[in-house]
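The values are calculated or read from the model by the stated rules, or taken from the named source; none is laboratory data. Here the structure is a predicted model, which means the values were calculated and not measured. Here the Cβ positions follow ideal geometry from the backbone for every residue, glycine too, while neighbour counts run over all protein chains shown.
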C-alpha cells in the first residue's frame, strides 16, 4: 500500500509472508530443493484465508480501492491433471494452432508432479475459492482476466471459462458481470465505459440469453459494438 500500488494481478502472491507466522518455517523446509511449480501445493496447504493478516489485507484493499484481477484460469489451466480436458482439449484452441503446438511441444508445467501432488493440489484448491469470496464479501474491487500467456488459455474463450470458474468459486453471475464492466472501468480509471448509460461510450455486447441466469450465456453473442459501430456478428466458433 505504501508503494502507491493501485492494481494487483493474481488472487494470491505465493509469498511466505502471506502465510501464518507459525507455518512459515515448515513451508520453507518443505519447498527446499523443490521445483517452483510444486511449491504452490505446499503454500496453499499452509495458507489461511481467514487469518487476521488476511482480514487486514482485505480491509486495506477495500479501503484504498486497490483492484485485484484474480485469474483463476491461470492456476487451473496449468495445474490441472493432463487427463482433465476442460482446458487442454478445449476445441477453441484449434483457432490458435501456434499457441496449441507450442504448449504441446513443451513440457507441462506439472511434468514432475506425482499423482499425490495432484491430489494434494485438488484438496487445497478450495482455499483459492474461499479467498476470492472473502475479498468479494469484504468490498475489494475484483476484476476478471485470464493472464493469457499461461498454458491452455484460449484467447476469448478463456475469459468465458474464467467467468464459469468465478461462479464455481461462489460468486454470483451478477458479481462476475460487474467485475467485467463497472469494476474494470474503475480499475482502469475510465469514466466513459463500464455501464450502459446515456453519455457513455457505446462498447456493447448483445446476447441472446441472460447471463444473470446462467453465466455460460455470455457465449450467446449476437453482435459486438465498439464506439457505436457493430464490428462483429455472431459468436466465435471453435
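Matching residues to (1) exposed (fewer than 12 other Cβ atoms within 10 Å of the Cβ); (2) at pLDDT 95 or above:
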residue	(1), (2)
195	yes, no
199	yes, no
203	no, yes
206	no, yes
213	yes, yes
216	no, yes
220	no, yes
230	no, yes
237	yes, no
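Name the residues in segment 124-153 that are under 17 Å from residue 79 (Cβ atoms), free of Cβ contacts under 8 Å to residues at least 60 places away in the same chain and either in contact with a helix residue (DSSP H, G or I) (Cβ under 8 Å, 6 or more places away or on another chain) or outside any helix (DSSP H, G or I) (or both), would you?
129, 148, 149
Please specify each residue of segment 61-78 satisfying the condition of being touching a strand residue (DSSP E or B) at 6+ places or on another chain (Cβ under 7 Å) and outside any helix (DSSP H, G or I).
Matches in segment 61-78: 66, 67, 68, 69, 70, 71.
Considering (1) surrounded by fewer than 20 Cβ atoms within 10 Å (Cβ to Cβ); (2) touching a residue at least 40 places away in the same chain (Cβ under 8 Å), say which one residue 41 fails and leave the rest.
(1)
From the list 81, 49, which one is closer than 20 Å to residue 172 by Cβ and assigned to a loop (DSSP other than H, G, I, E, B)?
Criteria check complete, one pass: 49.
Just a yes or no: is a residue in segment 160-172 assigned to a helix (DSSP H, G or I), surrounded by fewer than 14 Cβ atoms within 10 Å (Cβ to Cβ) and under 15 Å from the mean Cα position of the chain (by Cα)? Reasoning before the result, please.
From segment 160-172, those assigned to a helix (DSSP H, G or I) are 160-168; that's our starting set.
Now restrict to residues that are surrounded by fewer than 14 Cβ atoms within 10 Å (Cβ to Cβ): 168.
Those left that are additionally under 15 Å from the mean Cα position of the chain (by Cα): 168.
Yes; the residues of segment 160-172 include at least one that is assigned to a helix (DSSP H, G or I), surrounded by fewer than 14 Cβ atoms within 10 Å (Cβ to Cβ) and under 15 Å from the mean Cα position of the chain (by Cα).
Of the conditions (1) over 17 Å from the mean Cα position of the chain (by Cα); (2) modelled with pLDDT of 95 or more; (3) surrounded by 13 or more Cβ atoms within 10 Å (Cβ to Cβ); (4) not in a helix (DSSP H, G or I), residue 58 clears all except one; give me its number.
(4)
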